[in-house]
Amino acid sequence: MPAVIGIRHEDKYAMERRTPITPEHARKLVRDHGLRVVAETSPKRIFSDLEYTDAGAMVAPNLKQCDVIFGVKEIPEKAFEAGKSYVFFSHVIKGQAYNMPMLKKMMDLGCNLIDYERMVDDQNKRLIFFGKYAGLAGMINSLWSLGQRLKEYGYSDNPFLKIKQACNYASLDEAKQAVSAVGRLIAENGLPDEMRPLTIGFTGYGNVSIGAQEIAHLLPSKEITPTQLLELRKRKRHPKNIIYKVVFKEHHISKRKDGGTFDLHDYYTNPESYENNFEQYIPHLSVLMNCMYWDDRYPRIVTKQYLKELFSQGRPRLTVIGDITCDPDGSIECTHKGTAIEDPVFVYDPLTDKPAMGFTGNGILVMAVDILPSELPKDSSITFADALFPFIKPIAEADFNKSYDEIQLPGAIKKALILHKGKLTKDYEYISKYIQ
């Protein structure tokens, strides 16, 4: 008999309003597949309790009657129940220390854990993700941040002041209309001489970067190469109604320590053989959008030491870093923490090595909201649920009491099964060293 499906109320962040299964998707599960769906009551979820009951799902104060529980973000240790199956972004595959107690609790209770991040196809390409919406919201927020920071610099009538934080728009369409309106203003009136050339750099070219670039394209933009970015400094005059955008790939960001030719396969296999190649571009960027995957095996993109050297020469062109990747003390070393939607930016002073929340102060402004898709909760939830939907019934019907080899699951789901009956599956046994 199929399991009873539960939809968690998200409780990690005050403004986390997303859901992995929308009322419309719940309706299809109940009506077309004969499944039972229970939504945990939530006063803040972007879809109301009434919308779930109207769709044929039950709404309950807890999910004790559910066998398989779908969420978005990490789940508190006290919420896990013995032997149940959980599907969410667990953030454990890098051995993240802050989530090891959670993982250990799941192991102690004999739980099953399926992680969206590891649902991949045969080419290891992710199938279910919010990444594009992180890019969309991150770019909106960074343009809003640019307007506010330029105001601090004395540009009190700059066009970016007409852009709001992403969460203050009712929908993605409304946000796009607002950015497009600013784009028309720039096309018609141009930018002040002091702000030109205005350049936006994007690290990476995956879903996050695609989303961020989609918003940037609503402005009168021209794409140039990293080499052309370096050549801009030779020009004495720049078009007043053009914003330059630059996409940086791996070979722009890192180089071999021994001076050899960059090799992408070798870079991912032996990242310790590479060092930063990105610093040459930083002085020529107005906004840096960090959109790429990173872990501590790879060279940092922006170091505190480099920012100290840059700012010791006076205020640089670089005004805003939109750190969508948001690895604390990571690829953007001055991102000391992920920020909340309700307090989204800080100014890092490289000369004192201190951050201050808000838009004021000496230094570089960093936007580092770590749940950016929740600023566009309705749009991002619908898109995510569309991708997840084909896998929900197979997960609900799977018999997790069988051995790993005998469980009937689509290959993409089986690859994402990190815990089976409380034990790390073969591909994830390496995590055990972090639990210790």
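The values are calculated or read from the model by the stated rules, or taken from the named source; none is laboratory data. Computed from a predicted structure; not experimentally measured. Cβ placement follows ideal geometry from the backbone for every residue including glycine, while neighbour counts extend to all protein chains displayed.
On the stretch given as segment 127-163, residues that are free of Cβ contacts under 8 Å to residues at least 40 places away in the same chain and either among the hydrophobic types (A, V, I, L, M, F, W, C) or crowded, with 17+ Cβ neighbours inside 10 Å (or both) total 7. Going by what's in this entry, would ILE215 be described as touching a residue at least 60 places away in the same chain (Cβ under 8 Å) and under 18 Å from LEU146 (Cβ atoms)? So ILE215 fits the description; yes.
Of all the criteria given as (1) under 30 Å from ASN158 (Cβ atoms); (2) surrounded by fewer than 18 Cβ atoms within 10 Å (Cβ to Cβ); (3) touching a residue at least 12 places away in the same chain (Cβ under 8 Å); (4) charged (D, E, K, R), the one not satisfied by ASP295 is (1). Going by what's in this entry, would ALA356 be described as outside any helix (DSSP H, G or I), small (Gly, Ala, Ser) and either under 25 Å from THR325 (Cβ atoms) or at pLDDT 95 or above (or both)? The answer is yes for ALA356.
Out of the residues in segment 223-263 that are of a type in the set (Lys, Arg) and surrounded by 12 or more Cβ atoms within 10 Å (Cβ to Cβ), state the one that is farthest from SER180 (Cα to Cα). The extreme case among them is ARG256.
Here TYR293, TYR298, TYR281 are screened, and the one residue that is over 21 Å from the mean Cα position of the chain (by Cα), in the same structural domain as ASN207 (by TED's automatic domain parsing) and of a type in the set (Phe, Trp, Tyr) is TYR281. If you go through segment 184-191 one residue at a time, do you hit one that is modelled with pLDDT of 95 or more, among the β-branched types (Val, Ile, Thr) and either loosely packed, with under 14 Cβ neighbours inside 10 Å or outside the structural domain of PHE89 (by TED's automatic domain parsing) (or both)? Yes: segment 184-191 contains one or more residues that are modelled with pLDDT of 95 or more, among the β-branched types (Val, Ile, Thr) and either loosely packed, with under 14 Cβ neighbours inside 10 Å or outside the structural domain of PHE89 (by TED's automatic domain parsing) (or both).
One residue stands out among those in segment 20-45 that are farther than 22 Å from PRO373 by Cβ and in contact with a strand residue (DSSP E or B) (Cβ under 8 Å, 6 or more places away or on another chain): the one that is surrounded by the fewest Cβ atoms within 10 Å (Cβ to Cβ), which is THR41.
Take ASP67 and decide whether it is closer than 18 Å to PHE391 by Cα and without any contact (Cβ under 8 Å) to a residue 12 or more places away in the chain.
No.
Screening the candidates ALA175, ALA170, ALA166 for the property of being at pLDDT below 95, in the same structural domain as VAL369 (by TED's automatic domain parsing) and under 22 Å from the mean Cα position of the chain (by Cα) yields one hit, ALA170. Taken together, LEU307, LEU388, LEU318 contain a single residue that is over 26 Å from ARG149 (Cβ atoms), of a type in the set (A, V, I, L, M, F, W, C) and in contact with a Pro (Cβ under 9 Å, 6 or more places away or on another chain), which is LEU388. The number of residues in segment 80-106 that are in a helix (DSSP H, G or I) and either in contact (Cβ under 8 Å) with a residue 60 or more places away in the chain or not hydroxyl-bearing (Ser, Thr, Tyr) (or both) comes to 9. Taking the criterion of being hydroxyl-bearing (Ser, Thr, Tyr), within 25 Å of ASP370 (Cα to Cα) and touching a residue at least 24 places away in the same chain (Cβ under 8 Å), would at least one residue in segment 305-318 satisfy it? Yes, that holds for at least one residue. Taking the criterion of being farther than 29 Å from PRO390 by Cβ and either touching a His at 6+ places or on another chain (Cβ under 9 Å) or not assigned by TED's automatic domain parsing to the domain that holds LYS78 (or both), the only residue of segment 93-123 that qualifies is TYR98.
If you go through segment 141-163 and pick out every residue that is among the aliphatic types (A, V, I, L, M) and either farther than 16 Å from ALA212 by Cα or at pLDDT below 95 (or both), you end up with 2. Across segment 79-92, a minimum of one residue is classified as of a type outside the set (A, V, I, L, M, F, W, C), modelled with pLDDT under 95 and farther than 21 Å from ASP386 by Cα.
Could you tell me whether segment 384-392 includes any residue that is within 20 Å of MET15 (Cα to Cα), in the same structural domain as GLY34 (by TED's automatic domain parsing) and either touching a residue at least 24 places away in the same chain (Cβ under 8 Å) or in a helix (DSSP H, G or I) (or both)? Yes, that holds for at least one residue. With the structure loaded, tell me whether THR339 is out of contact with any Leu (no Cβ under 6 Å at 6 or more places or on another chain), polar (S, T, N, Q), outside the structural domain of ARG118 (by TED's automatic domain parsing) and within 30 Å of SER85 (Cβ to Cβ) or whether it fails that test. Considered against the rule, which asks whether it is out of contact with any Leu (no Cβ under 6 Å at 6 or more places or on another chain), polar (S, T, N, Q), outside the structural domain of ARG118 (by TED's automatic domain parsing) and within 30 Å of SER85 (Cβ to Cβ), THR339 comes out as no.
With the requirement that a residue be of a type in the set (S, T, N, Q) and not in a loop (DSSP other than H, G, I, E, B), what does segment 284-337 give you? If you could, list the steps in order and put the result at the bottom.
Taking segment 284-337 first, the residues of a type in the set (S, T, N, Q) are 286, 290, 303, 305, 312-313, 319, 325, 331, 335.
Hits for segment 284-337 are ASN290, GLN305.
Here ARG233, ARG256, ARG300 are screened, and the one residue that is without any contact (Cβ under 8 Å) to a residue 40 or more places away in the chain and closer than 29 Å to TRP144 by Cβ is ARG300.
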